[in-house]
Amino acid sequence: MSKSSLVKNKLGTILVEEGIITPEQLDYLLKKQRETRRRLGEIAIEEGLASEDEIVKALAKQLKIPFISLENIVIDPEVVKLIPETMAKNLKAIPIVKVEKSITVAMADPTDSEALKEIRFVTGCQVEPVVARAEEIVQAIANYYGTQNKLIDAIEGLTTNGLDAVDEAEEQEIIESQKLSQEAPVVKLVNLIIERAIAKKASDIHVEPRESSLSIRYRIDGVLREEIVIPRMLKAAVVSRLKILAKINIAERRIPQDGRFTVKRNGKKIDLRVSTFPTVHGEKVVMRILERSGTTIALEELGMNPEILHKFSQVLGLSHGIILVTGPTGSGKTTTLYAALNRINDAEKNIVTLEDPVESQIPGINQGHTNPVAGFTFASGLRAILRQDPDIIMVGETRDVETAEIAIQAALTGHLVFTTLHTNDALSSVVRLIDMGIEPFLVASSVSAIVAQRLVRKLCPKCAHKADPTEVYVPETGEARRLEHVLKPVGCDKCSNTGYRGRIGLFELVVLNDEMRRLIVKGGSYQELVAEARRIGYRTMFEDGLDKVEAGITSLEEVMRVTRTVLEDDIFMVEKIKS
């Protein structure tokens, strides 16, 4: 038997030992291999008997070499240069570390002796192979011979005289950074950072100065991930370029500042809200990405369970009252409001919104955005809207008692008002409005319904694996709930090895009835309101999340992450059911 066949047989044996394939399936693969003269791993993937992840890890075990993920590895541009782009693509290999005369290379197939010889010849180094997923290698090649190459060009295209010593003279640093920020390489680099974030569907870009570098992190599906690390010499220039784009005072570095600018990609206009914040290592910049002409999500796509969706749809048919949508920043409140407005939008209604800013434009709706500098606040804007003969009003956020009072006045005079609050759950909104100074009888007579929500990441359908049944204690019912069909995140090429792809909402809905209004007027406690709400069918976001875990949509860990607080750690005890 040849050495090649021996290697493939050993790989097959490992796959059997790991329980990935059966001995009968191995016999089938070996027969297929003899007929086609192809690699056993390739055939196993093609036949659907094993995933690429399983083959790569088995290969690493067989060869006794490390298996690595390239997802979060930042490679030195100088090391990347050691292998030409064409060779890297042909061999599906990329260098990641060089120590003296030894180079570590990530390869999809480290058994390819000819490839190892070729790399050794070109680099003049001893080659230490490690195994990585083919898709990750292809992506890394695209990033480092594309994205990173642009970064190299940006670095090499700059005049760097004195840049490392400018800390001694702040005035000179401002002049230098402003000059650098206008040079083509930095302009290209900043464009690249923004383009890549939009392509990855990030909601925010964090530009964070470190002691010796500038970290670029993207928030994708609600979680921050580091994407690019830029050398220290470009810190000031990149930040200055962003401040210039956002029309922010470039010379002021001691106080936070805000601005915005618009970019165009594939014919679509995208707004970026920019915020700066002074730190010990320089100014941090955060950019919120808002697609101006984004498609509004349908109400049915938000993730509401059938009962909540039915009740909420009925609420949207009201002629007057306040509908509150609550939750922390980034919980999808605006998306829910847009979906609701889109559902009831027709030519017979005058719908007017006041937002900060307008995140997506909806045809047929009059959308306006605040301008506090000019005195156009939520309160003053809401007063103006009432003179526009509106049927339905949407106020982006109720931030103060003045805005709340005008919204209540609008609801009591025959308008349907949508607005948001930052509260942890639906019924806390009642307490919050009263704490703001609103009379309880006004809250009781104006508020019609309250939706509270959070966003959880959805499990990647390609790689999610079955987990053991789990028992979870539900404080609201005082009982444990058994979850039979639980899936856990694993990670694959389709989800960037996070185990999650996309997000979905967790919801709770309270439609106020006469008894709840009576409790509010007489000063009833929060606990009394909850008891009455549960009597008529109210369920918490946590319970909604458990339903989505049971349905295989998300993981229990993800639901726990977004619905519990530190003080509740002891309440939500999770124990594996003893088999």
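Could you compute how fast the range 199-299 diffuses translationally, taking Rh as the Kirkwood radius over C-alpha pairs and applying Stokes-Einstein at 25 °C with viscosity 0.890 mPa s? Give it in µm² per second.
On the way: Rh = 14.4 Å.
The calculation lands on 171 µm²/s.
Calculate, for H320 and N90, the FRET efficiency according to 1/(1 + (r/R0)^6) with r their C-beta to C-beta distance and R0 60 Å; round to the nearest 0.05. Don't skip to the answer; put the middle values down first.
Numbers: r = 68 Å, r/R0 = 1.14.
Calculated value: 0.30.
Tell me, rounded to the nearest percent, the portion of alpha carbon pairs in the range 386-497 spaced more than 16 Å apart.
Numbers: 4417 of 6216 pairs.
Pairs farther apart than 16 Å: 71 percent.
Residue separation times 0.36 nm, minus the C-alpha to C-alpha distance between E301 and V99: what's the value? If you can, show how the numbers build up before the last one.
Values: separation 202, 0.36 × 202 = 72.72 nm, distance 5.16 nm.
Length gained, E301 through V99: 67.6 nm.
Helix 526-535 sits at what angle to the longest principal axis of the chain, using alpha carbons and giving 0 to 90 degrees rounded to 10?
80 degrees
How many angstrom lie between the C-alpha centres of the range 75-141 and the range 522-568?
Using only Cα atoms, the two centres lie 50 Å from each other.
In nm, what is the difference between 0.36 nm times the number of residues separating D27 and T477 and their Cα-Cα distance? Walk me through the intermediate numbers first.
On the way: separation 450, 0.36 × 450 = 162.00 nm, distance 5.38 nm.
Extra length from D27 to T477 when fully extended: 156.6 nm.
How much accessible area per residue does the chain have, in Å², with a 1.4 Å probe?
Details: 28450 Å² over 579 residues.
Per-residue accessible area for the chain comes out at 49 Å².
Given axes a ≥ b ≥ c from the Cα gyration tensor, I'd like to know whether the range 270-348 is rounded (a/c under 1.5), prolate (a/b larger than b/c) or oblate.
Working: a/c = 2.80, a/b = 2.28, b/c = 1.23.
Cα axes put the range 270-348 in the prolate bin.
Can you pull the one-decimal nm distance between simple spin-label points at D76 and R34, each 7 Å off the Cα toward Cβ?
According to this spin-label approximation, the distance is 5.0 nm.
Return the unpartnered cysteines for the chain, using a Cβ-Cβ cut-off of under 4.7 Å.
Cysteines of the chain left without a disulfide-compatible partner: C125.
Just to be sure I understand: if I project the alpha-carbon convex hull of the range 59-125 onto a plane and average over all orientations, what area do I get in nm²? Mind dumping the intermediate values first?
On the way: hull surface 18.5 nm².
For the Cα atoms of the range 59-125, the hull's average projected area reads 4.6 nm².
Once label points are set 7 Å from the Cα along Cα→Cβ at both I434 and K264, what is their separation, rounded to one decimal in nm?
5.4 nm
Is there a pair in K61/K117; K32/K488; K311/K458; K243/K264 whose C-alpha atoms are over 26 Å apart, and which pairs would that be? Write out the running numbers ahead of the final one.
Numbers: K61/K117 22 Å; K32/K488 33 Å; K311/K458 24 Å; K243/K264 18 Å.
Result: K32/K488 exceed 26 Å.
Students sometimes get this wrong: rank E508, E42 by accessible area, probe 1.4 Å, all chains present, largest first.
Working: E508 5, E42 85 Å².
Accessible-area ranking of E508, E42, largest first: E42, E508.
For the range 241-301 and the range 433-447, compute the distance between their C-alpha centroids and round to whole Å.
So the two Cα centres are separated by 36 Å.
What is the spin-label model distance, in nm, from I68 to S313 if the labels are put 7 Å beyond Cα along the C-beta direction?
Simple spin-label model gives 5.3 nm for this pair.
As an exercise, use a Förster radius of 22 Å and the Cβ-Cβ distance of F441 and R534 to find the FRET efficiency, rounded to the nearest 0.05.
Efficiency computed from Cβ-Cβ geometry: 0.35.
Once the Cα atoms of the chain are picked out, what are the Rg and Dmax in Å?
In Å, with Rg to one decimal and Dmax whole: 28.7, 89.
For the range 322-372, what is the per residue volume of the convex hull drawn over the alpha-carbon atoms, in cubic angstrom? The partial results should precede the final answer.
Working: hull volume 5.0 nm³, N = 51.
Cα convex hull per residue, to the nearest whole number: 98 Å³.
When only the heavy atoms of the protein chains count and the probe is 1.4 Å, how do M436, M560 rank by accessible area, highest first? Could you put the intermediate results ahead of the total?
Numbers: M436 40, M560 10 Å².
In descending accessible area the options line up as M436, M560.
Return the calculated 222 nm mean residue ellipticity for the chain, to the nearest 500 deg cm²/dmol, obtained by summing -39500 (n - 2.57) across DSSP H runs with n ≥ 4 and dividing by the residue count.
Numbers: 22 runs with 221 residues, N = 579.
Here the helix-only value at 222 nm equals -11000 deg cm²/dmol.
Once you have the Cα-Cα distance between L386 and E211, take 0.36 nm times their residue separation minus that, and quote the gain in nm to one decimal. The partial results should precede the final answer.
Working: separation 175, 0.36 × 175 = 63.00 nm, distance 5.21 nm.
Additional length available on full extension: 57.8 nm.
Could you rank H415, H485, H465 by how accessible they are, 1.4 Å probe, largest area first?
Correct descending sequence by accessible area is H485, H465, H415.
Whenever you get a sec, compute what percent of the accessible area on the chain sits on carbon and sulfur atoms (1.4 Å probe).
Working: 14280 of 28450 Å².
Here carbon and sulfur together make up 50 percent of the probe-accessible area.
The values are calculated or read from the model by the stated rules, or taken from the named source; none is laboratory data. Please read all numbers here as calculations on a predicted model, not as lab measurements. Cβ: placed from backbone, ideal geometry, glycine included. Neighbour counts: every protein chain shown. The protein model used for the area step is the full one, side chains on, heavy atoms only, and it has no ligands, DNA or RNA in it. Shrake-Rupley method; radii C 1.70, N 1.55, O 1.52, S 1.80 Å.
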